[in-house]
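Quick notes on the structure that follows.
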Amino acid sequence: MTVISQLQAHRIWDSRGRPTIEVEVTTEDGFKGRGIAPAGASRGTREAVESRDGGHRFGGLDVQNALRGIREEIFPALKGKPVAHQAAIDATLIELDGTANKQRLGGNALIATSLAVLHAAAAQARQPLWHYLANGQVSSLPLPQIQIFGGGAHAGRRVDVQDFMVVALAAKSFAEALEMTAEVYRAAGQLMAARGGLTGVADEGGWWPNFAKNEDALDVLVASIEAAGLVPGHDMGIALDVAASEFGHGGRYRLALDDTELDSDGLCEKLLDWIERYPIVSIEDPLAEDDEAGLIAFTKAVAGRVQVVGDDYLVTNARLVHAAAKVGACNAVLIKPNQAGTVTETREALDAARKAGYATIVSARSGETEDVSIVHLATGWNAGQLKVGSFARSERMAKWNEGIRIETASIRPGAFIGGAALGRMI
Ligand code: PGA
Ligand code: ZN
């Protein structure tokens with residue numbers, strides 16, 4: 001069995017111009033795999049912690065300590081280990097770090113290494129990564145959630161809600177979902193220009209949210225879907241990431257743009273009102289990660305109508321997913337590999353979600369690179385849905401384009417289940 005012979009780590013730069021980690025693994029027979037750590041800006045408190053150097057250089061975000069850890073501790077521990085033994089390699093990484101939240105070596109160091117090993121194993125098996133991960137199981141391209149307006153922490157908190165997204169419910173293929181979204185994204189830009197509000201894009205490429213109220217974004221989104229010649233709620237649904245942990249703690253929520261403060265019930269009511277009036281099919285983090293009672297109540301209130309996605313609340317953690325399922329909070333899980341810190345733990349969170357009957361959405365972070373691994377994870381693991389950000393900027397488009405490549409080259413026609421990925425939830 002092929003073993004790891006070389007492991008190199010260096011600093012590269014992410015889509016916000018910040019330092020990040022790239023790891024390249026080489027096997028003894030010359031196969032290579034590369035892993036890159038993405039970075040979040042609206043993070044859950046329980047996710048794997050990044051190693052950042054602190055100090056003045058690059059705003060304290062340099063990763064030299066993490067790189068040293070990879071070279072001096074991780075490489076010696078992994079050298080000679082079979083590259084295909086992902087679970088054993090990830091267990092070694094977890095043990096080596098030795099902390100509950102991966103703060104010693106850094107979740108960024110661990111996920112870059114874990115992904116690099118995975119890519120090397122697929123290369124050594126001479127298979128595309130999605131195919132290697134599918135391991136003979138049926139797989140299909142995921143239904144995309146694509147951002148049209150970016151807000152919250154990704155747009156200087158210009159609006160409170162973080163992501164205003166569309167979901168191409170009527171698309172018959174991944175490529176068609178992108179075609180439909182391209183028209184909506186373009187129409188939204190034109191509508192913003194007509195309103196005098198076109199002033200660039202947010203961190204994930206969505207139009208900058210020049211709105212007087214959070215709800216205005218929903219109005220323009222519906223108008224954009226119509227302007228694209230599509231029927232809201234039939235062809236194209238709306239997905240929101242409220243990212244409520246960013247503006248709420250202890251059951252109090254401050255919507256700065258709407259100049260209101262709400263309790264948990266109040267925010268629930270506001271969202272339920274939006275669900276009545278707009279074609280919303282999915283809401284992520286409707287309440288803050290510390291408001292489990294609110295999440296349970298909201299999930300119950302929208303059962304059978306709307307997908308309720310846990311991101312900050314569940315942080316790609318199998319144990320937390322299991323606990324949430326027991327109490328009935330959320331009915332879908334966002335799956336972000338760097339929240340977990342290793343490929344194996346990411347897969348465990350996905351399995352826990354599946355076991356609980358929750359839908360799964362593999363997701364990028366707001367700080368990304370040209371890395372397209374998540375598209376392969378979403379496809380190979382048959383996750384059902386994929387969230388990558390908007391329909392602009394190459395760190396996003398690289399991923400959508402990779403989906404087209406996989407669909408064109410590899411997947412049998414008709415394998416795309418589209419809106420049915422939401423079927424169990426809505
Ligand atoms: P982040 O946000 O990558 O900035 O943490 C993405 C999300 O909340 O889904
Ligand atoms: Zn989120």
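The values are calculated or read from the model by the stated rules, or taken from the named source; none is laboratory data. Bear in mind the structure is a predicted one, so any value in this text is a computation, not a measurement. All Cβ positions, even for glycine, are placed from backbone atoms using ideal geometry, and neighbour counts span all protein chains on display. Side chains included, ligands, DNA and RNA excluded: accessible areas come from the protein's heavy atoms. Shrake-Rupley method; radii C 1.70, N 1.55, O 1.52, S 1.80 Å.
Mind ordering 143-155, 383-395 by average Cβ neighbours within 10 Å, highest first?
Sorting 143-155, 383-395 by mean packing, highest first, produces 143-155, 383-395.
Check cross-link reach from residue 102 to the lysines: straight Cα distance under 29 Å, and skip same-chain residues fewer than eight apart.
32, 79, 81, 326, 336, 355, 387, 399
Output wanted: per-residue J couplings in Hz (rounded whole) for the stretch 45-52, from phi through Karplus 6.51 cos²θ - 1.76 cosθ + 1.60, θ = phi - 60°, x for Gly and Pro.
5, 9, 7, 4, 8, 6, 8, 10
With an 8 Å Cα cut-off and a minimum separation of 6 or more residues, compute the relative contact order for the stretch 308-426 in percent.
20 percent
Rg(Cα) of the stretch 4-126 divided by 2.2 N^0.38 Å? Each step should come with its number before you reach the end.
Values: Rg = 14.0 Å, N = 123, 2.2 N^0.38 = 13.7 Å.
Ratio of Cα Rg to 2.2 N^0.38 Å: 1.02.
For the stretch 167-189 and the stretch 61-115, compute the distance between their C-alpha centroids and round to whole Å.
39 Å
Before I look further, what does the chain give for accessible area per residue, probe 1.4 Å, in whole square angstrom? The partial results should precede the final answer.
Numbers: 15650 Å² over 426 residues.
Roughly 37 Å² per residue, with all protein chains present.
Tally the DSSP beta bridges in the chain and give the antiparallel ones as a percent, rounded to 5.
On the way: 33 of 57 bridges.
Just about 60 percent of them are antiparallel.
If you put +1 on each Lys and Arg Cβ and -1 on each Asp and Glu Cβ, how big is the dipole of the stretch 4-126 around its Cα centre, in Debye rounded to 20?
Dipole about the Cα centre, nearest 20: 260 debye.
Considering all alpha-carbon pairs of the stretch 273-319, what whole percent are spaced by more than 16 angstrom? Could you put the intermediate results ahead of the total?
Numbers: 417 of 1081 pairs.
Summing the P(r) tail past 16 Å for the stretch 273-319 gives 39 percent.
Return one quarter of the surface area of the convex hull spanned by the alpha-carbon atoms of the stretch 143-422, equal to its mean projected area, in nm². List each step's numbers first, then the result.
On the way: hull surface 52.2 nm².
Average of the hull's projected areas for the stretch 143-422 equals 13.1 nm².
Evaluate the relative contact order of the stretch 4-126 (contact order divided by residue number), counting alpha-carbon pairs under 8 angstrom at least 6 apart; express in whole percent.
Working: 229 pairs, mean separation 43.3, N = 123.
Averaging sequence separation for qualifying contacts and normalising by length gives 35 percent for the stretch 4-126.
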